[in-house]
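**Student:** Quick one: the structure is below, and I'll ask about it shortly.
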Amino acid sequence: ENGLIWFGAGVSLAEILTGTSFSSLGFGRGLAAILLGHVIGCVLLFLSGVIGGRQRLSAMETVRGSFGSRGTVFFALLNVLQLLGWTAIMIYDGALAAGGIFSIGHWVWCLVIGVLIILWIAVGITDLGWINKLTMAALFLLTLVLCKVIFFSGSAMAAPSGEGLTFGAAVELAVAMPLSWLPLISDYTRQAQKPVRATAASVVTYGLVSCWMYVIGMGAAIFTGEYDIAVIMVKAGLGIAALVILVFSTVTTTFLDAWSAGISAESLSRRVSGKTVAIITTVVGVAGAILFPMDDITGFLYLIGSVFAPMIAVQIADHFLLHRDRFAVAADARNLVIWLMGFVAYRLLMGVDTPVGYTLPDMVLTILLCVIAEKLKPSVKQ
């Protein structure tokens, strides 16, 4: 069940579109950057899922273990906002692509996708059953067709453009997608009978599918010279099948964003209905997708990384290395200061081109700060 959920998360138009940015590296170096970035991101995703799975807590509830009950409010609010942003971006991309195949108006497609997401929310993640399995099977087959169209069409490889991402920036862009799911994964692993295995199944499934989506996007740009997936589908004569891929991949991914916004809101107050917040998130996301242009999301991805990479680094240090528990305190000032230092370090590292991107160096630095701080002043056991 967890594997199916994360297969749906991986089959994403946003990931395909992000993959087109790798074309300037050429296929070999682009593939290396995609794989390296996903290894880094998915290891972090796995550790985050294990923390929540072991503690039987949602992603934002686990943050209390490092930052205290009030310290968590800050991250929960940021998480709701980033999930709202993702919901709007996914609906915008889906509507734009669907409009390229069957033009009935951008706002109409936004509404159609929004209604389908709300239906998914109304049914509920535990009751999707055969609907989810049928949708995933259809998406799997249709993405295979898309791969055949791109990689076996007989087109000559287009020469990569002279300007584009450096290798380090490409690695970071590959890290960014799995990193964006860090504040969500234990929302779905906390109820698993075997949380570590469920987390491993989730992360491996997502990692493989996400790499696949990136490669489809990169291949589309390199082999066809086309950056618009909808145009490729139209040229290939996919028609209705293309619409199914675009609309349902958008729904299955965006559903998780909206649903987790509700779970994060519940961590702020037990009086809040998660399902209601998820529906409101979708409605606001539809409005945002209709009203605002959202064509370039790289800055948004880097912002997510700068916020949540040092956050999970502090959690990893506390849970796996220091065995430090701050659930009983209102706010842990020391960890909040360390997080802020990690946030600033990430933004500074964005100006330095390293072969492994910014996330890994930033997290190593943040974990070291946690260990040093504990050595200098050991915590009082709660």
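The values are calculated or read from the model by the stated rules, or taken from the named source; none is laboratory data. Owing to the predicted nature of the structure, the values given are computational and were not obtained by experimental measurement. Neighbour counts run over all protein chains shown; Cβ positions are idealised from the backbone, glycine included. Surface accessibility is based on the protein's heavy atoms, side chains included, excluding ligands, DNA and RNA. Shrake-Rupley method; radii C 1.70, N 1.55, O 1.52, S 1.80 Å.
**Student:** Please find, within region 186-211, the residue that is surrounded by the fewest Cβ atoms within 10 Å (Cβ to Cβ) out of those that are modelled with pLDDT under 90 and polar (S, T, N, Q).
**Tutor:** The extreme case among them is GLN193.
**Student:** Considering SER66, SER24, which residue is of a type in the set (S, T, N, Q), open to solvent by 10 Å² or more (accessible area, probe 1.4 Å) and either part of a helix (DSSP H, G or I) or on the phi > 0 side of the Ramachandran plot (or both)?
**Tutor:** SER24
**Student:** Suppose we filter LEU35, LEU45, LEU31, LEU17 for residues that are open to solvent by less than 30 Å² (accessible area, probe 1.4 Å), of a type in the set (A, V, I, L, M, F, W, C) and in a helix (DSSP H, G or I); which single one remains?
**Tutor:** LEU45
**Student:** Now, a different point. In region 152-180, how many residues are out of contact with any Lys or Arg (no Cβ under 7 Å at 6 or more places or on another chain), open to solvent by 10 Å² or more (accessible area, probe 1.4 Å) and either modelled with pLDDT of 85 or more or within 29 Å of PHE255 (Cβ to Cβ) (or both)?
**Tutor:** 2
**Student:** Among the residues of region 212-246 satisfying the criterion of being open to solvent by less than 20 Å² (accessible area, probe 1.4 Å) and under 18 Å from the mean Cα position of the chain (by Cα), which is farthest from LYS148 (Cα to Cα)?
**Tutor:** If we take residues in region 212-246 being open to solvent by less than 20 Å² (accessible area, probe 1.4 Å) and under 18 Å from the mean Cα position of the chain (by Cα), then LEU246 is farthest from LYS148 (Cα to Cα).
**Student:** I need the full set of residues from region 83-112 which are acidic (Asp, Glu) and under 12 Å from VAL284 (Cα atoms), in order please.
**Tutor:** Those that are acidic (Asp, Glu) and under 12 Å from VAL284 (Cα atoms): none in region 83-112.
**Student:** Pairs under 9 Å by beta carbon, first residue in contact (Cβ under 8 Å) with a residue 12 or more places away in the chain in region 325-353, partner polar (S, T, N, Q) and open to solvent by 80 Å² or more (accessible area, probe 1.4 Å), six or more apart or different chains?
**Tutor:** Listed pairs, sorted by first residue: ASP325/GLN382; ARG326/GLN382; PHE327/GLN382; ALA328/GLN382; VAL329/GLN382.
**Student:** Considering only residues that are surrounded by fewer than 24 Cβ atoms within 10 Å (Cβ to Cβ) and either over 27 Å from LEU44 (Cα atoms) or basic (Lys, Arg) (or both), which ones fall in region 287-304?
**Tutor:** ALA287, GLY288, ILE290, LEU291, PHE292, PRO293, MET294, ASP295
**Student:** Let me confirm something: among VAL284, VAL277, VAL307, which residue is part of a helix (DSSP H, G or I), of a type outside the set (D, E, K, R) and open to solvent by 60 Å² or more (accessible area, probe 1.4 Å)?
**Tutor:** Result of the check over VAL284, VAL277, VAL307: VAL284.
**Student:** Taking PHE75 as the residue in question, decide whether it is among the aromatic types (Phe, Trp, Tyr), closer than 25 Å to PRO195 by Cα, open to solvent by 10 Å² or more (accessible area, probe 1.4 Å) and at pLDDT 90 or above.
**Tutor:** It is false that PHE75 is among the aromatic types (Phe, Trp, Tyr), closer than 25 Å to PRO195 by Cα, open to solvent by 10 Å² or more (accessible area, probe 1.4 Å) and at pLDDT 90 or above.
**Student:** Something else now. Determine if region 350-369 includes at least one residue that is assigned to a loop (DSSP other than H, G, I, E, B), over 26 Å from GLY30 (Cα atoms) and open to solvent by 30 Å² or more (accessible area, probe 1.4 Å).
**Tutor:** For region 350-369, residues assigned to a loop (DSSP other than H, G, I, E, B), over 26 Å from GLY30 (Cα atoms) and open to solvent by 30 Å² or more (accessible area, probe 1.4 Å): absent.
**Student:** Can TYR188 be described as in a helix (DSSP H, G or I), under 26 Å from GLY274 (Cβ atoms) and not hydrophobic (A, V, I, L, M, F, W, C)?
**Tutor:** When the stated conditions are applied, TYR188 passes them.
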